[in-house]
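Working notes for the structure below.
The values are calculated or read from the model by the stated rules, or taken from the named source; none is laboratory data. All of these numbers come straight from a predicted model, not from anything done at the bench. When we count neighbours, we look across all protein chains shown, and the Cβ atoms used for this are built from the backbone with ideal geometry, even at glycine. Side chains included, ligands, DNA and RNA excluded: accessible areas come from the protein's heavy atoms. Shrake-Rupley method; radii C 1.70, N 1.55, O 1.52, S 1.80 Å.
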Amino acid sequence: MKYQNILITGGCGFIGTNFINYLFNLKEFTGNVINIDKLTYAGNPNNLIDINEKYGNDRYFFYKTDITDISSIDTVFEKHAVDCIIHFAAESHVDRSIHGPGEFIQTNIIGTFNLLETVRKHWKNSKDFLFHHISTDEVFGSLGNTGYFYETTPYDPRSPYSASKASSDHLVMAYFYTYAIPITISNCTNNYGQYQFPEKLIPLMINNMLEEKDLPVYGKGKNIRDWLYVQDHCSGIWKIVQNGRRGETYNFGGENEWTNIDLLNILCEEVAIQKNKDKDYYKKLITYVKDRAGHDHRYAINCDKVKEELNWKQSVTFNEGLTKTVKWYLSNIKWMNDIKSGQYKNWIEKNYCQR
Ligand code: NAD
Ligand code: TDX
């Protein structure tokens with residue numbers, strides 16, 4: 001095992017939760033996880049209650065920490081000999097960034113800067129250290145109907161969200177070249193799967209179907225996204241952390257492009273099947289609404305580098321992943337209701353917050 005004390009930022013969010021679960025399920029992983037999360041609307045510590053029960057204060061440590069506050073990050077570094085950081089924490093929703101970009105600048109840019117500065121202070125020039133930064137394909141901009149994003153594609157972000165992520169990517173790379181801090185970056189397409197906040201397309205639509213509410217499709221529904229099952233993103237991140245070359249970026253994608261409207265139609269059918277309804281039952285709820293401002297037309301990524309260099313591959317087909325995902329949401333209505341209402345916030349401190 002290369003790393004003993006892995007600091008995860010944003011571990012109570014969608015991908016962070018899946019990653020921590022993935023890690024503790026790996027036989028080869030014998031180290032500790034230190035999870036720092038501000039617990040915004042998107043972070044739910046209940047997601048990790050089983051991990052906390054099994055490993056809390058032994059191999060799993062949770063600190064309610066805002067990465068925009070550098071002194072609180074420093075406190076965590078004083079307590080744990082962190083040798084790897086996997087940085088998930090971010091404001092992650094494009095629509096929210098359009099309505100209020102300020103938090104995105106603070107968390108995504110200043111927060112990343114604070115982490116890098118804390119690393120610069122505590123890092124002891126060890127080669128056995130890594131800062132892995134989780135980023136998005138949205139930094140590359142918007143594609144027409146053909147072509148792909150490569151690791152070498154110039155950045156061209158268009159939303160406050162993607163601009164803030166692009167900025168953080170540049171800072172991470174700058175710390176590699178300027179201070180020689182060992183870093184890696186990954187840029188991934190749209191993830192789907194369990195524990196995703198119901199503001200993102202797939203869980204939002206499932207939630208609305210269950211509540212028999214409108215299914216709002218932006219514009220004509222012809223925008224294209226490439227979807228990757230979150231577990232496969234997690235396995236890829238772990239491959240980079242273990243064997244990625246320092247100073248490199250790696251793209252991840254599902255090689256699985258859908259227009260939003262086609263995706264929604266198959267999602268309607270999958271939910272209908274699992275709810276024992278007529279195949280077309282939920283489609284009547286589809287409603288076309290005003291388009292997202294500056295809505296990127298298409299994202300599609302070439303991920304040959306990570307496949308060839310690190311032998312990464314996906315473990316599920318889109319059909320399998322979507323079936324599992326719908327099944328999970330239908331079996332976890334309480335999770336959906338709790339995260340929508342912020343229920344979990346009342347008992348966190350008492351239950352498992354380290355000080
Ligand atoms: P998410 O919104 O579900 O979770 C974000 C987590 O970060 C939450 O737990 C939240 O409480 C925490 N957080 C937010 N601000 C914080 C702060 N100031 N200090 C500490 N913690 C804070 O996001 P996600 O979908 O899990 O995305 C994780 C990362 O992956 C992000 O960096 C995102 O840009 C990137 N990404 C996401 C996708 C996707 O499809 N979801 C695709 C590519 C890349
Ligand atoms: O209600 C909706 N109706 C709709 O048509 C919502 C929420 C979305 N959409 C469209 C917009 C996009 O074309 O669906 C597509 C997917 O939307 P989101 O789920 O909001 O994802 P996207 O904007 O593509 O960004 C996501 O993938 C890349 C994540 O939120 C980012 O964090 C990640 O970096």
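Phi angles of the range 292-306 translate, via the Karplus equation with coefficients 6.51, -1.76, 1.60 and θ = phi - 60°, into HN-Hα couplings of 5, 4, x, 4, 4, 5, 8, 10, 7, 10, 9, 10, 4, 4, 6 Hz per residue; Gly and Pro are given as x. Given a 1.4 Å probe and every protein chain left where it sits, what share in percent of the accessible area of the chain is carbon and sulfur? Using a 1.4 Å probe with all protein chains present, the chain comes out at 49 percent carbon and sulfur. Helical content alone sets the calculated 222 nm signal of the chain at -11500 deg cm²/dmol, taking -39,500 (n - 2.57) per DSSP H segment of four or more residues and averaging over every residue. Here is the tail figure for the chain: Cα pairs spaced more than 37 Å apart come to 15 percent of all pairs. Annotation: extensible slack from GLU308 through ASP278 equals 6.4 nm (criterion: 0.36 nm per residue apart, minus Cα-Cα distance). Rounded to the nearest 10 degrees, the inclination of helix 112-122 to the longest alpha-carbon principal axis of the chain is 20 degrees. Here the relative contact order of the chain, from alpha carbon pairs under 8 Å that lie six or more residues apart, stands at 19 percent. Close amide H pairs (under 5 Å, H built 1.01 Å from N) link GLU199 with LEU204, residues at least 5 positions away or on another chain.
For the range 180-244, trypsin sites (Lys or Arg not before Pro) meeting the loop criterion (DSSP other than H, G, I, E, B) and having at most 11 other Cβ atoms within 10 Å: LYS220. The amide H of ASN190, built 1.01 Å from its N in the peptide plane, has ASP226, LEU228 as neighbours under 5 Å, considering only residues 5 or more places off or on other chains. Between VAL289 and TYR150, the contour length at 0.36 nm per residue exceeds the Cα-Cα span by 46.8 nm. Derived scalar couplings between HN and Hα for the range 167-173 equal 4, 5, 4, 5, 4, 4, 5 Hz in order, rounded to whole Hz, by the Karplus curve 6.51 cos²θ - 1.76 cosθ + 1.60 (θ = phi - 60°), x for Gly and Pro. Loop-located GluC sites (Glu not before Pro) in the range 1-101 (DSSP state not H, G, I, E or B) with no more than 16 neighbouring Cβ atoms inside 10 Å: GLU28. The long axis of helix 14-24 is offset from the longest Cα principal axis of the chain by roughly 60 degrees. Using a cutoff of 8 angstrom between alpha carbon atoms and counting only pairs six or more residues apart, the relative contact order for the range 115-245 works out to 27 percent.
What is the Rg over Rh value, at two decimals, for the range 1-82, using alpha-carbon atoms and the Kirkwood definition of Rh?
We get a ratio of 0.94 for the range 1-82.
Taking trypsin sites (Lys or Arg not before Pro) across the range 20-123, the ones in a DSSP loop with at most 15 further Cβ atoms lying within 10 angstrom of their Cβ are LYS27. Antiparallel beta bridges, as assigned by DSSP with both residues in the chain, represent about 10 percent of the total such bridges. I'd like the orientation of helix 260-274 relative to the chain: the angle between its Cα long axis and the longest Cα principal axis, in ° from 0 to 90, rounded to 10. Helix 260-274 sits roughly 80 degrees off the main axis of the chain. Between ILE301 and PHE149, GLU255, the built amide H atoms are under 5 Å apart, and every one of these is 5 or more places off in sequence or on another chain. Based on protein heavy atoms only, the chain ends up with 42 Å² per residue of surface accessible to a 1.4 Å probe.
Legend: distances between Cα atoms for LYS165/LYS313; LYS79/LYS324; LYS284/LYS313; LYS121/LYS165; LYS79/LYS327; pairs beyond 31 Å are LYS79/LYS324; LYS284/LYS313; LYS79/LYS327. When the charge dipole of the chain is built from unit charges on Cβ atoms (+1 for Lys and Arg, -1 for Asp and Glu) and taken about the Cα centre, the candidate among GLY321, THR259, ALA174 whose Cα reaches farthest toward its positive end is GLY321.
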